[in-house]
Each structure stands twice: as C-alpha cells, then as structure tokens.
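One structure is given below, encoded as structure tokens.
The values are calculated or read from the model by the stated rules, or taken from the named source; none is laboratory data. Please read all numbers here as calculations on a predicted model, not as lab measurements. Every residue, glycine among them, receives a Cβ derived from its backbone with ideal geometry; neighbour counts consider all protein chains shown. These area figures cover heavy atoms from the full protein model, side chains too; ligands, DNA and RNA do not enter into them. Shrake-Rupley method; radii C 1.70, N 1.55, O 1.52, S 1.80 Å.
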There are 2 protein chains.
Amino acid sequence: MMRTTAVKNATRKVLVGWAKESRRYLSSPANCKHNHRSQSQILLSPPLVSLDLPEIWGSDSSHFDPHQPPSSITRSKVIDGKSIAEEIRSRVAVDVKRMKESIGKVPGLAVILIGRRRDSLTYVRNKIKACEEAGIKSALAELPDCCAEEDVMTALLKFNEDPSIHGILVQLPLPEHLDEEKILNVVSLEKDVDGFHPLNMGNLSMRGREPLFVPCTPKGCLELLIRSGVEIVGKKAVVIGRSNIVGLPISLLLQRHHATVTIVHACTRNPERITCEADIVVTAAGVPNLIRSSWLKPGAVVIDVGTCPIEDPSAEYGYRLVGDVCFEEALRIASAVTPVPGGVGPMTIAMLLCNTLDSAKRLYGFT
Amino acid sequence: MMRTTAVKNATRKVLVGWAKESRRYLSSPANCKHNHRSQSQILLSPPLVSLDLPEIWGSDSSHFDPHQPPSSITRSKVIDGKSIAEEIRSRVAVDVKRMKESIGKVPGLAVILIGRRRDSLTYVRNKIKACEEAGIKSALAELPDCCAEEDVMTALLKFNEDPSIHGILVQLPLPEHLDEEKILNVVSLEKDVDGFHPLNMGNLSMRGREPLFVPCTPKGCLELLIRSGVEIVGKKAVVIGRSNIVGLPISLLLQRHHATVTIVHACTRNPERITCEADIVVTAAGVPNLIRSSWLKPGAVVIDVGTCPIEDPSAEYGYRLVGDVCFEEALRIASAVTPVPGGVGPMTIAMLLCNTLDSAKRLYGFT
C-alpha cells in the first residue's frame with residue numbers, strides 16, 4: 001500500500017483547508033461588487049491577482065460551488081454588448097473629466113495605422129471617435145502600405161517618449177513585409193494598452209503575477225460574462241481558436257477565473273463533441289456559422305468573437321460582419337448569446353478606453 | 001441565408017489549403033529525425049517555431065491525421081525516464097567535450113540555494129553532480145534561510161555578469177520572507193535556463209514566438225512522449241495542475257504541438273470524468289495516488305510529474321517519492337506510464353544540462 005497514514009492525514013487537512021480557503025478567497029460577483037469595488041471602478045471584473053487561490057486539491061471537487069447565482073443580476077437571452085459598452089464608455093468619460101478637473105491631465109491614446117485596409121480604417125476611425133467622446137486625447141500616425149520598418153519605429157519611439165500619450169496601439173494586421181513581433185516588442189510596456197507584449201502575456205499566464213494590461217477583446221468578453229451574471233468558477237469553458245490576440249488571452253483569463261478550460265483549434269478532432277459539453281463557449285475562429293446548435297449544450301453561454309466581413313452591397317460600407325455562431329440556432333439552445341455585430345465588438349473599444357485611462361491613472365497615481 | 005457563395009468558396013479554399021499546408025509543415029517524429037535533425041541535435045523534440053501551422057479551419061478536422069504511428073519506435077509499457085535521461089546526458093557530455101576541444105570553452109551553471117530544505121539539498125546535489133559528469137562547470141551560492149533579499153540579489157547579479165556562467169538556477173521554493181517574483185525577474189534572460197521569466201513564458205505561450213528556454217520539467221515530459229512514439233497532434237491532452245513551473249508550461253507546450261488541451265485544477269468539477277477522455281494525461285497535482293484506474297481511458301499515455309515526499313524510515317534519506325498516479329492501476333489500463341521515481345525526475349536534470357549547453361552554444365555561436 002502506497003497510501004500511508006501520513007498521506008491520509010495530509011489529504012484530510014487538504015480538504016478542510018481547501019473549504020476554508022475557498023470561503024476566504026472567493027466571493028460571488030455580487031459580493032465583489034459590494035465589498036471590493038472602489039467608487040471609481042468602472043468594470044465589474046475584479047482585479048486579477050485577487051483571483052489567485054491556493055491550489056489545494058480535494059477529492060470532492062465535484063461538489064465545489066462557492067458561488068450562488070447572484071440574484072441581483074438578471075440575464076437576457078441576447079447579451080447586449082452595445083449598451084454595456086456605452087455604459088462603460090460614459091463611466092470612462094466621467095472619470096476622465098474628474099481627472100482633468102483634479103490634476104489638469106487627460107489620458108492620451110496614439111494609434112499607428114499602416115496602409116489603407118478597409119476594415120482597419122473603420123476600426124481606427126471608431127477608436128478615435130470613441131476617444132473624442134470620452135475626452136481622451138488621440139493621436140494618429142498614418143503610414144503608407146509600403147513604408148519601411150524604420151518609419152514605423154520612428155513613429156513608435158516618438159509616442160513612447162511623449163508624456164501626454166499613455167497608450168499606444170499598432171493597428172493589426174500589418175502589411176506582410178513588416179515584422180509584427182519586432183514592432184510590437186518596441187511598444188513601451190507601460191503604454192501597451194493592447195496587452196500584446198510577451199511580457200504582459202507571460203504575466204497574464206502566470207499565477208501570482210499581474211500584467212500591466214489585459215488585451216481588450218478578451219477583457220471585454222470577461223466583462224460581458226460577469227455583467228450577465230454568468231458563473232465562471234468551476235465551469236467548463238471551451239475557447240475556439242488560439243490566436244495571440246483573442247484565443248490565447250481569453251483562455252488564460254478564464255483559467256484565472258477558475259474555469260476548466262479546453263482550447264479547440266484547427267487540429268482538434270471532433271471539435272463539436274468537445275464544445276457541446278461546455279457551459280461557456282468563447283469562439284474566435286473567424287469561420288462564419290461554424291457553431292451550429294449541435295455544437296451547444298442546452299443552457300450554455302456563447303460569446304461570439306468571430307467577425308468575418310462578408311460582401312453585402314446593401315450594407316453601408318459594402319460589407320457586413322458575420323460571427324462564428326449561427327445566431328438563430330444558438331438563440332434556441334443557449335441561455336445567453338452575443339450578437340454580431342453589437343456583442344463583443346463594441347466592448348473591445350470600451351476596454352481600450354479603460355486600459356488607456358488606467359495607464360494614465362497609474363502614471364499620475366490618480367485613483 | 002447568411003452563408004453566401006463567397007463564404008462557401010472561402011471554405012473550399014480553406015480545406016484545400018489546409019490539407020496542403022499540413023503536409024508541408026507537419027512531418028512525423030520519424031521524418032523529423034531523418035530530415036531536420038542536425039548531427040549535434042540531442043533531443044528528438046523539434047524546435048518550437050517550426051511547429052507553427054497556419055490556423056486554417058476545415059469542417060472535417062475530425063479526419064485530420066498527418067502522423068502515421070512511427071513504426072521505428074516501439075513503446076514499452078513503463079517509460080524509462082532514467083535510461084532516456086542517461087542517454088541524453090551522455091550526448092550532452094559528448095557535445096560539451098566537442099565544444100571544449102573546438103573553442104576552449106565549457107558551459108557553466110550557477111545554482112543559488114537558500115536554506116537547508118532536505119529536498120532542495122538533494123535536488124541541488126544531484127544537479128551539481130550531473131554537471132560534473134557532463135563536463136559542465138558548476139558554481140553554488142549557498143545562503144542561510146534568514147538571508148536578506150539584497151544578499152540573493154548580490155549573488156544573482158554576480159552570476160548575471162560572470163561570462164563563464166551560461167545558466168542560473170534559483171532553487172525553489174524560497175523561504176517565505178523572500179519575494180520569488182522579484183528575485184526570478186532579476187535572472188538575466190539569456191541565462192534563465194529554468195525558463196521561469198515571464199518574458200520566456202509569454203514567448204512560449206504566443207504563436208510565432210520562441211522562448212530562449214523551455215522550462216526543464218515540461219520539456220522533459222515532451223521528450224519522453226516523443227521518444228516513446230506518442231502522437232501529439234490532434235490528441236486530447238489533459239494537464240492536471242496549473243503551476244507556473246509545470247502545469248502551465250506543459251499545457252502551452254502540448255498546445256504548440258497541436259494537442260487539444262484541457263487544464264484540470266483544484267476548482268474543476270468532476271476531474272475524473274474529464275481526465276478519463278484524454279489520450280495523454282500529464283499530472284502535476286502533487287497529490288499522492290490521485291489518479292486511479294477509473295480516471296484513465298484504456299490506452300492512454302500517462303506522464304506523472306507528481307513527486308510527494310512520504311516519510312519512510314527504510315529509505316536512504318528517510319523518505320521516498322510518491323507520484324500522483326496509482327502506478328499499478330495505471331499499468332493495467334494505460335498504454336504507457338512513467339514511474340516515480342525514475343520517470344520525469346531524471347529528465348528534469350537532463351533538460352537542465354541541455355538548456356545550459358544550448359545557452360553556451362548560443363552565446364559562442366557554436367553549432
């Protein structure tokens with residue numbers, strides 16, 4: 001027998017300690033809201049490090065459920081990212097105004113746009129408009145498609161040194177001749193509001209560490225889940241897609257919130273069977289209508305990050321965005337689902353404003 | 001209908017491109033061995049970046065199987081980490097000798113040991129002995145349990161600057177009064193042979209990036225899988241435990257090798273049900289005999305990283321190491337399993353020697 005008395009005692013201690021610790025460290029989103037949020041906190045999602053739990057194993061993990069469904073949050077079937085994002089943006093505007101009145105400073109965001117990709121132009125236009133509305137200063141460096149790497153670096157270094165700029169965003173994708181890794185690595189860590197620097201990603205992935213910035217789209221997905229009253233701790237989450245921009249950071253974020261995460265990707269065999277066991281599905285494959293009703297467990301929560309432009313002469317810009325999820329089918333089986341457009345998209349911009357504001361607050365020690 | 005002709009055409013193109021790309025990018029371990037390994041390559045595991053595949057989705061992912069089981073590799077039921085590690089260590093020794101004869105340099109490893117923890121003393125002693133046997137220079141800084149953070153920093157900075165030192169290892173765990181994050185962040189990136197720096201971890205997690213070092217234990221697990229002829233692409237892998245040292249990096253590594261990875265942890269509900277669907281189980285929970293036969297799918301491959309010291313007066317040092325896996329039960333149901341001791345443990349040291357050698361090779365441009 002390898003299981004000695006010492007082990008049995010240790011296991012017993014573990015179980016008791018585990019139950020106790022989980023009560024001490026975990027609280028429902030509703031409790032977080034009341035106990036830990038400062039007046040000026042704009043998001044419902046709690047700070048990351050506070051989510052670290054001692055990793056203590058018990059044999060009855062299956063009964064682990066410290067979260068009671070927060071009765072204060074009612075969930076509608078369609079998660080309205082647009083109105084949630086608007087609420088967050090107006091709270092950012094209030095905070096920016098408070099900062100300006102209090103210390104005479106405003107946050108500043110710099111955007112580097114290379115080339116004239118139609119979708120990139122739209123995204124950048126929307127970001128700058130959102131900054132204006134929130135009172136955030138914005139600066140745009142537009143470079144031609146054929147620009148040299150040095151031109152990008154010059155623009156970047158200028159923004160790195162500019163004390164009125166607190167966030168720098170390089171609009172992706174870059175033209176093929178430019179080295180994305182090299183360029184993104186030059187963005188000052190303190191201004192990496194996109195959170196794509198590998199040091200930020202490393203700190204997001206590691207327990208007990210905290211990145212300076214969490215990438216905007218994943219942060220927006222999480223905020224949607226929390227505002228919709230979705231329990232995350234102990235839930236099965238499937239993330240579809242493993243891009244550096246969405247799939248990877250959302251999987252790390254869900255794991256930090258103690259979901260059991262599976263990452264499904266293009267080499268996954270029978271992704272449908274895996275996905276249909278998930279309580280939470282976040283999909284960022286970029287394949288229109290990949291997720292049919294047969295992929296979903298009844299009652300699942302579905303966050304659709306897919307935004308594939310489809311030609312549509314009747315649409316304002318000649319195309320419209322289609323998600324990964326067959327929306328009508330998902331509506332019938334899921335307990336909540338984000339639409340495309342109007343789901344995750346608006347949240348990305350709202351989170352960019354939050355990250356830029358947080359960066360300025362950090363620099364000036366403003367709370 | 002949201003699925004336009006454009007989408008259909010795009011999907012068709014995707015499927016064709018995907019099949020073509022997968023043939024171009026992927027080859028079986030056996031092929032890798034013949035086509036890509038240089039004479040001096042010690043490990044069978046291929047360089048990381050070469051594993052990046054374009055993320056192209058097809059509806060028939062379930063049929064994706066570019067790897068034929070390599071007929072040249074026979075698998076025994078018990079994966080003998082000890083003898084595999086010995087083979088790797090002797091290959092390292094040959095390479096160190098070649099380096100010394102060719103450029104008059106040898107790799108150097110520095111170990112910082114704080115306090116007198118019995119297990120840490122054993123690990124450090126084994127590492128230094130392994131260095132000696134491989135012809136690698138070693139340096140040990142021993143500090144008392146009650147030392148100040150500055151003392152650790154002084155020792156670290158000395159090794160950072162020492163040109164004869166190519167790898168620095170801070171033996172964990174540290175006494176509680178020391179800030180692990182702060183200390184590990186000071187280790188020079190180029191000498192971070194443990195791969196625990198968040199920048200290394202970030203680069204391990206991101207597609208298209210490559211860390212300077214992969215953490216030793218996860219790298220050892222991967223090497224055991226590859227040398228045992230285990231297919232990884234498209235397989236379901238469950239990693240039990242999410243520590244920064246093992247669980248996190250092994251999950252990132254398996255994902256880079258295109259497994260579909262689920263991370264099971266202390267908050268996971270019904271971990272047994274999830275684990276028993278896995279083709280590959282890597283467990284690093286540190287809970288003796290957690291994994292019983294009911295947790296395993298018939299034919300699964302089981303890598304046991306758990307090493308819990310259990311008091312045993314009859315053992316040489318008064319204790320013996322017990323894994324997470326109920327070994328006898330696993331033997332009956334798994335297709336291959338690592339023992340404890342003699343499985344992953346010896347591989348960790350072998351990988352430390354590899355990382356130190358690689359670091360010196362990189363510095364001197366020696367191939």
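Just a few scattered comments:
- √(5λ) per eigenvalue of the Cα gyration tensor, the range B:269-367, largest first, Å: 30, 20, 11
- Shown for residue B:362: label points 7 Å from Cα along the beta-carbon vector, and their distances to the equivalent points in the other copies, 2.6 nm in ascending order.
- Label geometry 7 Å along the beta-carbon vector: residue B:189 inter-copy distances in nm: 0.9
- Sorted largest first, the principal axis extents computed over the alpha-carbon atoms of the range B:215-348 equal 45, 29, 29 Å.
- One equal scatterer on each Cα of the range A:142-226, no solvent, Debye formula: the resulting log10 I(q)/I(0) at q = 0.18, 0.21, 0.23, 0.26 Å⁻¹ is -0.83, -1.04, -1.15, -1.30.
- When only alpha carbons are used to place a centre, the range A:259-301 and the range B:270-296 end up 23 Å from one another.
- Take every Cα pair under 8 Å whose residues are at least 6 apart in sequence, average their separation, divide by the length of the range A:102-194, and the relative contact order is 37 percent.
- Label geometry 7 Å along the beta-carbon vector: residue B:144 inter-copy distances in nm: 7.0
- Separation of alpha-carbon centers, the range B:182-258 and the range B:111-173, rounded to whole Å: 22
- Compactness of the range A:102-258 - radius of gyration and Dmax, Cα, Å: 16.7, 49
- Here, the range B:326-367 has an Rg and a Dmax of 16.5, 49 Å when only alpha carbons are counted.
- Accessible-area order (highest first, 1.4 angstrom probe) of the listed residues B:314, A:294: B:314, A:294
- Applying the Kirkwood pairwise sum to the alpha-carbon positions of the range A:102-194 produces a hydrodynamic radius of 13.6 angstrom.
- Accessible area ranking (1.4 Å probe, heavy atoms, ligands and nucleic acids excluded), largest first, for A:112, A:349: A:349, A:112.
- Per-residue mean of foreign Cβ neighbours for A:266-278 is 6 (Cβ atoms of other chains, 10 Å radius).
- Between B and A, roughly 6100 Å² of accessible area is buried in total, ligands, DNA and RNA not counted and the probe set to 1.4 Å.
- Placing +1 on the Cβ of every Lys and Arg and -1 on the Cβ of every Asp and Glu, with no other charges, gives the range A:81-231 a dipole of roughly 680 debye about its Cα centre.
- Shielding by partners, peptide B:286-292 (average Cβ within 10 angstrom, other chains): 4
- Solvent-accessible ranking of A:153, A:351, largest area first, probe 1.4 Å: A:153, A:351
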